[in-house]
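Trainee: One structure, pasted below without further comment.
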Amino acid sequence: MKLSAVIITFNEEKNIERCLKSLQGIADEILVIDSYSTDKTEEICRNFDIRFIQHRFEGHIEQKNYALSLASNDYVLSLDADEALSEELFQNINAIKSQNTPADAYSFNRLTNYCGKWIKHSGWYPDVKIRLWQKKSGCWGGTNPHDKVIMQPNTKIIHLKGDLLHFSYYSISDHIKQIERFTTIGAIQEKQKGRQISFCSVIMKSKWKFVRDYVFKLGFLDGKAGYQVCKLSSWATYIKYAKLRELNQ
């Protein structure tokens, strides 16, 4: 198996070095598609043996499929700039590279670090993702900004042990800024699909989001960070649908 690692970036100077280092020794090609970063992202990337290409950002799904189209090898490992391979996942991916009959795709768990704490409940773990697949058998789809890999019917998918480490937010203010960006994108996407929602439904959806993640998905076991995650996730649900109502009006 020859493996191309693809990453999209925009102002990721905090994260990109860690991501690229985790791919050393496993990727036969590393391709970074950058949306014209204004920080040190490009400078850091140039210190590695990679292909660095700048391309105007048209959406998470569109940008990732553009990166996919440029990959030279049949198999693609797609990471976000704020992600990195754990040692166990690195070893397991390395093991399958030598197999004569690899699967069409591989999934693995994503473990998120939130303000310095690993979140192991709260609806954020195991957060299974397909991130390694045969290029001709799948592509990016879903709804922006929540993209996902869509595989063709009857493809063979194997789950690998080991975590994809996700370094999400360094502060609560980072989380709030992301909520503002993503809820706007999400509301626009819902409006384009013709979605209508009542104010009562907005309230109920946001309240249920907190109860589900904090109680039924054991967010309370993540302590203070778990409460913060569940509370802000609930708030994000409210804001997205409130923005949708505003757009519809």
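Trainee: So which of 177/224; 21/117; 97/117; 156/240; 40/224; 135/240 end up more than 24 Å apart, counting from Cα to Cα?
Mentor: Details: 177/224 20 Å; 21/117 22 Å; 97/117 32 Å; 156/240 35 Å; 40/224 33 Å; 135/240 33 Å.
Beyond 24 Å: 97/117; 156/240; 40/224; 135/240.
Trainee: Express in whole angstrom the spacing between the alpha-carbon centres of region 20-46 and region 141-219.
Mentor: With region 20-46 and region 141-219 each reduced to a Cα centre, they are spaced 26 Å.
Trainee: Go through 88-95, 51-58 and give me the packing order, highest mean Cβ count within 10 Å leading.
Mentor: Numbers: 88-95: 16.2, 51-58: 13.0.
So the order, starting with the most tightly packed, is 88-95, 51-58.
Trainee: While we're looking at this one, here's another question. Work out the length of the dipole vector of region 172-248 about its Cα centre, built from +1 on the beta-carbon of each Lys and Arg and -1 on the beta-carbon of each Asp and Glu, and round it to the nearest 20 debye.
Mentor: My answer is approximately 200 debye.
Trainee: Go through 42-49, 126-133 and give me the packing order, highest mean Cβ count within 10 Å leading. Each step should come with its number before you reach the end.
Mentor: On the way: 42-49: 14.2, 126-133: 19.0.
Top to bottom by mean Cβ count within 10 Å: 126-133, 42-49.
Trainee: Another question, if that's okay. Can you tell me the dipole magnitude for the chain around its Cα centre, using point charges on the Cβ only (Lys, Arg +1; Asp, Glu -1), in Debye to the nearest 20? Don't skip to the end; give the middle numbers.
Mentor: On the way: 35 positive and 28 negative charges, 229 e Å.
With only Lys, Arg, Asp and Glu charged at Cβ, the dipole is about 1100 debye.
Trainee: What is the angle, in °, between the Cα long axis of helix 199-211 and the longest principal axis of the Cα atoms in the chain? Nearest 10 is fine, range 0 to 90.
Mentor: 60
Trainee: While we're on this one: With a cap of 16 neighbouring Cβ atoms within 10 Å, and only residues DSSP puts in a loop, list the chymotrypsin sites (Phe, Trp or Tyr not before Pro) found in region 177-249. The partial results should precede the final answer.
Mentor: On the way: sites: 182, 199, 208, 210, 214, 216, 220, 227, 235, 238, 241; in loops: none.
Sites meeting the loop and neighbour criteria: none at all.
Trainee: While we're on this one: Ranked highest first by the average count of other Cβ atoms within 10 Å around their residues, in what order do 64-77, 154-167 fall? Spell out each step's value before the answer.
Mentor: Numbers: 64-77: 18.3, 154-167: 16.2.
By packing density, highest mean first, the sequence is 64-77, 154-167.
Trainee: If you don't mind, another one. Pairs of Cα atoms under 8 Å, at least six residues apart: use those to get the relative contact order of the chain, whole percent. Write down the numbers at each step before the final one.
Mentor: Details: 468 pairs, mean separation 47.0, N = 249.
Over the chain, the number comes to 19 percent.
Trainee: For residue 24 and residue 150 in the same chain, what is the full-extension length gain: residue separation times 0.36 nm, less their Cα-Cα distance, in nm? Walk me through the numbers before you get to the answer.
Mentor: Numbers: separation 126, 0.36 × 126 = 45.36 nm, distance 2.68 nm.
Stretched fully, the residue 24-residue 150 segment lengthens by 42.7 nm.
Just so you know, all these numbers are worked out from the coordinates, no wet-lab data involved. The structure presented is a predicted model; accordingly, all values stated were derived computationally and were not measured. Methodologically, a virtual Cβ is constructed for each residue, glycine included, from the backbone with ideal geometry; neighbour enumeration extends over all protein chains shown.
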